[in-house]
Amino acid sequence: MGVDLKLLPLLSPGTWAAHDGIGLERRDEFWPKIEALEQAEIPEPLRCYHARTSDDAEGYGRLEKTPFGTRLTWTTAARLMTLASEHEVKDNWKNRAAWAYLAQMPPEHPIVLYWH
């Protein structure tokens with residue numbers, strides 16, 4: 001079993017809610033490059049669809065930690081864009097599409113990293 005990453009752009013800076021999720025192709029060799037980017041812990045729970053409901057299913061609610069028990073972190077579109085020329089982005093359509101999406105965002109737009 002591997003680790004997956006979904007990028008969760010905030011609805012707007014300062015509003016800790018995310019409705020969009022950008023799934024990345026599983027590329028274990030790419031994860032350390034993303035983890036090396038400057039990041040910060042989220043300052044409050046994120047309102048999104050990946051929370052656990054009362055019956056322990058995935059659903060809309062407040063999320064603070066990954067399924068691995070670590071607090072969610074965030075970075076910016078600009079920091080993620082520094083990886084646009086990496087092999088793991090360029091060699092498959094799914095990651096190219098994710099970086100095309102990021103390229104259209106304001107550079108300082110917050111993106112929550114949801115490792116699952």
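The values are calculated or read from the model by the stated rules, or taken from the named source; none is laboratory data. Computed from a predicted model, the values in this text were never measured in an experiment. Methodologically, a virtual Cβ is constructed for each residue, glycine included, from the backbone with ideal geometry; neighbour enumeration extends over all protein chains shown. Protein only, heavy atoms only, side chains kept; ligands, DNA and RNA dropped before computing areas. Shrake-Rupley method; radii C 1.70, N 1.55, O 1.52, S 1.80 Å.
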Which condition does residue 39 not pass, out of (1) out of contact with any strand residue (DSSP E or B) (no Cβ under 9 Å at 6 or more places or on another chain); (2) surrounded by 16 or more Cβ atoms within 10 Å (Cβ to Cβ), if it passes all the others?
(1)
Which residue is surrounded by the most Cβ atoms within 10 Å (Cβ to Cβ), if the candidates are limited to the range 9-36 and must be free of Cβ contacts under 8 Å to residues at least 12 places away in the same chain and assigned to a helix (DSSP H, G or I)?
35
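Every residue, every condition in (1) assigned to a helix (DSSP H, G or I); (2) closer than 16 Å to residue 19 by Cβ; (3) under 14 Å from the mean Cα position of the chain (by Cα); (4) not basic (Lys, Arg), yes or no:
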| position | (1), (2), (3), (4) |
| --- | --- |
| 69 | no, no, no, yes |
| 75 | no, no, yes, yes |
| 79 | yes, no, yes, no |
| 84 | no, no, no, yes |
| 89 | yes, no, no, yes |
| 95 | yes, no, yes, yes |
| 98 | yes, no, yes, yes |
| 108 | no, no, no, yes |
| 112 | no, yes, yes, yes |
For the range 42-60, how many residues are touching a Leu at 6+ places or on another chain (Cβ under 6 Å) and either within 15 Å of residue 111 (Cβ to Cβ) or open to solvent by 70 Å² or more (accessible area, probe 1.4 Å) (or both)?
4
